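Reviewing the structure listed below.
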Amino acid sequence: MATTITKPDTLVGKRIKRKEDPRLITGTATYVDDIQMPGMHHACILRSPHAAARIRSINTHAAAGHPGVVAVFTGADVAGVGPVPCGASLPGLRVPHHSILAKDRVYFVGHPVAVVVARDRYIATDALDLIEVDYDVLPAVADPEKALAPGAPAVHPEWPDNIAFTYHQEGGEPDKAFAEAEVVVKQRITSQRLIPTAMETRGVVAEHRAGQLTIWSSTQIPHLMRTLVAMMLGVPENLLRVVTPEVGGGFGSKLNVYAEEALMGFVAMKIGKPVKWIESRRENYLCTIHGRGHVDYYEIAARKDGTVLGLKLKLIQDLGAYHQLLTPAIPTLSVLMMPGLYRFRNVSADIIGAFTNCVPTDAYRGAGRPEATHGVERMMDLLAVELKADPAEIRLKNFIGADEFPYATATGLSYDSGDYAKPLKKALDIVDYHHLRQEQARAKAAGRLMGVGLSTYGEICAFGPSPATPAGGWESATVKVEPTGKVTVMTGASPHGQGEETTFAQIAADELGVTMDDVTVIHGDTAVVQYGIGTFGSRGTAVGGPALYFAIQELKKKIVKFGAMLLDSDDVSFSGGLCVCNKSGKTVPLAAIAGASYRAMKLPAGEQPGMMATYFWEPPNFAFPFGAHIAVTEIDRDTGQVAIKRYVAVDDCGKIINPLLVDGQVHGGVVQGIGQALYEQAVYDDNGQLLTGELTDYAIPKASMVPWIESSHTETPSPVNPLGVKGVGEAGTIGCSPAVVNSVVDALSHLGVRHIDMPLTPERIWKLISAGGRA
Amino acid sequence: MISQSFEYSAPRTLAEALALLAGGDAKVLAGGMSLIPMMKLRLAAPGRLVDLSRVPGLTGIREQGGALHIGAMTTHYEVESSAVLRAKCPLLAETASAIGDVQVRNMGTIGGSAAHADPAADYPAALLAVEAKVTLARKGGERTLAFSDFLIDTFTTALEPGEILTGVIVPVEPAGAGVSYQKMLQPASGFAIVGVAARVHNGSVRIGVTGLSGKAFRAAAAEKIFAETRDVQKAAAAVPLGVEANSDIHASADYRRHVAAVYAARALNAALSRAS
Amino acid sequence: MKIGGAYTLAVPQQRAYSLLQDPDVLAQCMPGCDHLTRIADNEYEMKMKMAISAVQGLFTGTVRIADSHPPSSFRLIVEGSGKVGFMKGDGLLTLMPEAASTEVRYEGDVQVGGLIAGVGKRLIDVTARLLIKRFFEKLAEQIALQPAP
């Protein structure tokens, strides 16, 4: 049985191409819309064209009689279905009843009013035009500050002040800090409403057969959705299966339970046939959650030497008309992270959650942290300008020291590990900061507008300890060695594009001494995978990874016991895919051990047959990645157009499993950050009509609009988990927007410009230049 | 995002296409870059589409009598990459290269763009600056019209019901002419916020402007100022004067006017630098 | 969306005013409008077939005249809705006498909603101006055709 042992190189840490890509880029992957079933029907949804209206009557007669239509349902038909759930809880939170189809009133443009089910999608779409709804149009309000003003139209008549909740948090002695401050700087800073724009829109297929309901949905959270939809529909959870096929991007917009998921389940049970609903892009823009929507009033207190003393924030969150799954919780994350990487001992924050006649906001890549980072990073720059200090120096002066971890923040968090000066110094070296400033001075002398913008961000991720999350913050993994020695991993994290089929295979292959091709990672089917939480908040690798690691450690104990039995030795170790008798040197490979465990001719004392372990891992803390981004910009003085000349990102996401995938996450994140900084904005008019209702008016950055991104890293392991990983899915987005905005403000500061709100459209900048800096 | 049902015809001759069009409630389908999205959104619901893609003789570029005849179904990419056009009417090739994105340029056609008369389309600025003509076929005949007469207003042209735009004719540029198309693009749609096409020859200039107002136009006053003063800045500043400028969420009327002057100066300077 | 502008009509102020109050004249000048049916004093039901480019929309709604100050000003309120969305225009028309002609100044607000607001934003401003222009051009034609009373 002796074979030559060659310990393979570890796969963790290597740039390895993604296992999932061949099927994704050759069109052989299955998305929800690829699912075809015998007898499948198609649903289309009639949506309100008004932002606020009473429904006097709905006449579905003509639509129901249209050839090929099998059913039309309205709010009255779904009265028995429970409301769309809000998972967040805050003291005194007002939660409007969110029926899956409007009952007697609509609250935003796009509000679902009726569903038509027909033989095909063409007929269903035609029949929508035949439904007559008599609306009594009411005044609407689409701006959160206007919604809070006296006399504003009430989004929900029962709460005429439009306030869903208020929330106060403070740490230290903020009032004292501000009283003692030598310098106080104030600024109103907005983070505009954004539309997540996943490449694949949402879609649901539902089938009710032999008492079992199966729902295929493009979601980030199959298990949570199953629990919540079972409750909404009143079906036994163990007779509801949720399958998440390939998901074409989510960015948080699919971290939700939507009306349509329960609605399709309802329809499938009613008509006794499978039914499919695929969201159009227009519906995606009107009805799938938006992100951001902050109006923030910041005050920073400091000493003249640049030492920061305190930070105050009044945060107005545009919630939209309803709470989706996490809507009211998102701004609380901004408050938690408002101190950033700095030694703010005294902070105070007040949130006002405002209802508006718009689609709800919720988690969008970064979810609360880009807003917080944008705020504190703009404020640090404003302070630097006020004190005529260098923005790099003022950051270095106020960073939490590398020797201060774990660091208890004034907002109640415990930062796990960090060395914040390291990525900043690395980024400054990469751009050759000193010479860059000289070049900027020469450009300025020549009349050119060149800017250098810094952003040093911290983020909270790896959500999270269960007590800090609405529905459990752990993650699960099952690892099986099949009788032939092949390895199957089942993760509850339900990745949807992040690449865990690759990174988890790397981890499993290293730990079990097999090749990556020997490992298959399965996810996204509640009938196959043990309960799990999902992928969001940069938690896939940071929480799902350790769950897998611990499952493998459990399994290894069993492997060693079976190995010892087969080698007839009590001194056995397992490495490189072999059990080795430490005395005789005899070995037995994993496949033989696995085969023997299923064959079960003989079992080690007290062991069960089979080779499988499951682990539910509860993280002891969040993880806190950090980094430094620098954007060099040049402004066209005549038109206000911004060109990003250079973009440097130095990110520290702890231990890196696969640098290629980390770069991919950083690139994608930075591009979405550039989108927010320069191009994107969901615009509602005063009547609540979404004016950016299609991709012809909502500008997401295209490849030609994005600079070369110079991505590099520092690696500060997290002590929170045995892999030392932190998470990187949102870092690029969080770090980016302040770097770009700081850079543009820097380019214009000698013209008197202090601050510009996003997006930095050419016209907005041109107006500032023309007005000599006054907005 | 599903259109209403419609009849689809792919005639093999122009006569057949004209006959189908005469049936009423029909729209000509060229590249479909504007019409198909409007149909999918149900803003447009023609009863019949008459697809010109199989009608012979509507594609390609040929030189004849000092002019270049461009078939209506010639794609933006074909115009952009045509060696003949690059040499003999470079303004049109340069403008075509600024349209939309690669996918749009592979599908969209010069005839479709001209007939659609979108106020923010790129081609009209160049077609005005090169003094293009269009040929319009009708049952039993054909007429040729200056593009400036063809373009009447926002989405409004001289095309009569039942007529099909079959081609665009542009003069061969004389040696020494300099041209440039300068465009500020709307980042979502790729349409022009403002686009300025300039063509300089022997000290006289022609300036076509798109995106600024309800229809593309020749900036006659600016052309005159340039002829009299040879002052680029003065001429450019006159481009937006007296124009009722468009205003939308992407750019206000004031900003569009400002950008029109800036881009007119850029286009003029670039054209001058290429002229001899 | 704010709109505003001015057109000159080749008739005296009193005549211009009465033309602009005449439902038959309004019906003939409003692009795509067949006729106006009186439903109350100064209020008419309208059906309008809009056709701009390939876009076609049938709008039903009302035309209302309010705040009349003959012969110098009145408000024209047009509301319509159809499958492609809905619109409401509320404009103040002021008639300024100029020798034998009249300058009609208009100033108002146009609101649009539904599909056309969400996907046609780029074109609403230019389209509104086009429709107003067509209205006044048609009115000028009518004036040229009609003999003075």
Being in contact with a Lys or Arg (Cβ under 8 Å, 6 or more places away or on another chain), under 27 Å from B:E223 (Cα atoms) and outside the structural domain of B:L268 (by TED's automatic domain parsing) is the requirement here; does B:S97 meet it? yes
Those residues of the range B:17-29 which are within 12 Å of chain C (Cβ to nearest Cβ) and either in contact (Cβ under 8 Å) with a residue 40 or more places away in the chain or in contact with a Ser or Thr (Cβ under 6 Å, 6 or more places away or on another chain) (or both) amount to B:V28
B:A270 meets each of (1) within 14 Å of chain A (Cβ to nearest Cβ); (2) under 27 Å from A:P701 (Cβ atoms); (3) touching a residue at least 40 places away in the same chain (Cβ under 8 Å) with one exception, condition (1)
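Each row is one residue, and each column tells you yes or no for (1) in contact (Cβ under 8 Å) with a residue 40 or more places away in the chain; (2) hydroxyl-bearing (S, T, Y); (3) on the phi > 0 side of the Ramachandran plot.
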site	(1), (2), (3)
A:V185	yes, no, no
A:M199	yes, no, no
A:G211	no, no, yes
A:L233	yes, no, no
A:E237	no, no, no
A:R241	yes, no, no
A:G248	yes, no, no
A:F251	yes, no, yes
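For every residue, the table says whether it meets (1) within 14 Å of chain B (Cβ to nearest Cβ); (2) farther than 29 Å from A:R202 by Cβ; (3) touching a Cys at 6+ places or on another chain (Cβ under 6 Å); (4) of a type outside the set (A, V, I, L, M).
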site: A:G291; (1), (2), (3), (4): no, no, no, yes
site: A:E299; (1), (2), (3), (4): no, yes, no, yes
site: A:A302; (1), (2), (3), (4): no, yes, no, no
site: A:V308; (1), (2), (3), (4): no, yes, no, no
site: A:P331; (1), (2), (3), (4): no, no, no, yes
site: A:S334; (1), (2), (3), (4): no, no, no, yes
By residue number, the members of the range A:739-754 that are closer than 23 Å to A:G293 by Cα and either buried (at least 21 other Cβ atoms within 10 Å of the Cβ) or outside the structural domain of A:Q676 (by TED's automatic domain parsing) (or both) are A:A739, A:V740, A:V741, A:N742, A:S743, A:V744, A:V745
Residues in the range C:116-136 that are in a helix (DSSP H, G or I) and within 14 Å of chain A (Cβ to nearest Cβ) total 9
Of the residues in the range A:652-681, those that are in contact with a helix residue (DSSP H, G or I) (Cβ under 8 Å, 6 or more places away or on another chain) and either of a type in the set (V, I, T) or assigned to a loop (DSSP other than H, G, I, E, B) (or both) number 8
Check: Taking the stated definitions as given, is B:T210 away from chain C (no Cβ under 14 Å) and of a type in the set (S, T, N, Q)?
Finding: no
Filtering the range A:19-63 down to residues that are charged (D, E, K, R) and within 29 Å of A:G497 (Cβ to Cβ) yields A:K19, A:E20, A:D21, A:R23, A:D33, A:D34, A:R47
Note on the range C:1-55: residues under 30 Å from A:G688 (Cβ atoms), of a type in the set (A, V, I, L, M) and under 14 Å from the mean Cα position of the chain (by Cα) are C:I3, C:M30, C:M46, C:M48, C:M50
Confirm whether C:D109 is touching a residue at least 60 places away in the same chain (Cβ under 8 Å), surrounded by fewer than 18 Cβ atoms within 10 Å (Cβ to Cβ), in a strand (DSSP E or B) and within 14 Å of chain A (Cβ to nearest Cβ). yes
By my count, helices (runs of 4 or more DSSP H) wholly in the range A:72-180 with at least 2 residues that are in contact with a Leu (Cβ under 8 Å, 6 or more places away or on another chain) are A:174-180
The number of residues in the range A:597-630 that are farther than 30 Å from A:G534 by Cβ, touching a Phe, Trp or Tyr at 6+ places or on another chain (Cβ under 9 Å) and assigned to a loop (DSSP other than H, G, I, E, B) is 4
In this structure, is A:F504 under 28 Å from the mean Cα position of the chain (by Cα), under 25 Å from A:G366 (Cα atoms), at pLDDT below 95 and not small (G, A, S)? no
Scanning the range B:101-131 residue by residue, those under 17 Å from B:V194 (Cβ atoms), more than 14 Å from chain C (Cβ to nearest Cβ) and part of a loop (DSSP other than H, G, I, E, B) turn out to be B:D122
query = If you go through the range A:621-642 one residue at a time, do you hit one that is within 25 Å of the chain's Cα centre (by Cα), more than 26 Å from A:M337 (Cα to Cα) and either within 14 Å of another protein chain (Cβ to nearest Cβ) or without any contact (Cβ under 8 Å) to a residue 12 or more places away in the chain (or both)?
reply = no
*asked:* Condition check: surrounded by fewer than 17 Cβ atoms within 10 Å (Cβ to Cβ) and within 14 Å of chain C (Cβ to nearest Cβ). Does B:I193 satisfy that?
replied: no
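The values are calculated or read from the model by the stated rules, or taken from the named source; none is laboratory data. Quick caveat, the model's predicted, so the values are computed rather than measured. For neighbour counting, all protein chains shown are included, and Cβ atoms are generated from backbone atoms with ideal geometry for every residue, glycine included.
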